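A.B. asks: Got a structure here, written out as structure tokens. Questions coming.
Rule-based calculations on the coordinates, nothing more; no lab input. Bear in mind that the values here come from a model prediction, so they are computed numbers and not experimental data. Cβ: placed from backbone, ideal geometry, glycine included. Neighbour counts: every protein chain shown.
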Ligand SMILES: [Zn+2]
């Protein structure tokens, strides 16, 4: 059985910038704006936007949107502060939307998928 060598990564779907490590996934069962999202202990190559209070399903939180440092697409958000005691573990952690990131081990198929999406978009644009 061959083991994967090197760190497994998640990359931005739009520009393939490396944004998080597979080993930093805390939970895969979070809810993002557009479906499923992952909770990460760290993220890299990202830009954190201004803080704002947001009422989420699990209560009031101070969050900041997180952007890809390369293409500036919104990837998710960072939990700056949780007000509920049971949600404190999320402070300083990152939510990245599953639809915005891709596992690098599947990079080739993902790239093809993104590429086809762009192609369909440009096709729509032409029509
Ligand atoms: Zn990007």
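A.B. asks: Set the Förster radius R0 to 41 Å, insert the Cβ-Cβ distance between residue 88 and residue 47 as r into 1/(1 + (r/R0)^6), and round the FRET efficiency to 0.05.
C.D. replies: Computed FRET efficiency for residue 88 and residue 47 comes out at 0.95.
A.B. asks: Step by step: find N for the range 6-58, compute 2.2 N^0.38 Å, then divide the Cα radius of gyration by it. What's the final number?
C.D. replies: The reported ratio for this selection is 1.26.
A.B. asks: Next question. Evaluate the range 34-85: find the radius of gyration of its Cα atoms, find its Kirkwood radius, and give the ratio Rg to Rh.
C.D. replies: Radius of gyration relative to Kirkwood radius: 0.97.
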